[in-house]
Amino acid sequence: MNASRSYMEKPPPLRSLLTKPVLLSVANYGMVALLEMVCLALIPLVWSTSVEFGGLGLSPVSIGSWLSVYGCMDGIFQYAVFPRAVWRFGLRRVFITCIASCAMVIIMFPLENFVLRHGGSTMALWSLIFVQLLSYSTLRMGYCESFFVCSSREFVDG
């Protein structure tokens, strides 16, 4: 009798589920997703655009090679750096760094083009691309589950 009674209870209203910690988690995840998609779209687009139009003029093979190296680097980076960064700096600071690293990804585009236009070395260009991909990997640390499992107080109070 008791089991059928709980089965017939109405589910809680949606408003009661939208608490401050839930809304904060959804907003944080949404921001990381938006920034990650922007960077994911811009990297191959700008890299393939010709130098005179502000890009790097890389071939599809070169872009694919760089993104393949990035994929391996990202997995190792997430595994090796994220837990230590959270332990040392805390979730809030790591999350803020993740969001701020998107600016570094965007800033690298004109710097890379500047190096190409002004006869910079190939090594300088590859270094800038490496820093850009490292920043993108830092941005992706924002997807970690730990951000959404922790209490909102750690985000708000720091």
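Please treat every number below as a calculation from the coordinates, not as lab data. Keep in mind that what you see is a predicted model, and the values were worked out from it rather than measured. Here the Cβ positions follow ideal geometry from the backbone for every residue, glycine too, while neighbour counts run over all protein chains shown.
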Where nothing but the Cβ of Lys and Arg (+1) and of Asp and Glu (-1) is charged, how large is the charge dipole of region 3-91 around its Cα centre, in debye to the nearest 20?
620 debye
Contact order relative to length of the chain, as percent, for alpha carbon pairs under 8 angstrom and 6 or more apart
30 percent
Going 7 Å from the Cα of TRP126 in the Cα-to-Cβ direction, what parts of region 67-100 have a backbone nitrogen less than 19 Å from that spot?
67-74
The chain: calculated mean residue ellipticity at 222 nm from DSSP helix runs of at least 4, using -39500 (n - 2.57)
-26000 deg cm²/dmol
Principal axes of the chain: Cα extent on each, largest first, Å
79, 33, 24
Using +1 at the C-beta of Lys and Arg and -1 at the C-beta of Asp and Glu, which of LEU35, ILE129, MET108 has the Cα lying farthest in the positive direction of the dipole of the chain?
LEU35
Between GLN78 and GLU52, 0.36 nm times their residue separation minus their Cα-Cα distance comes to what?
5.8 nm
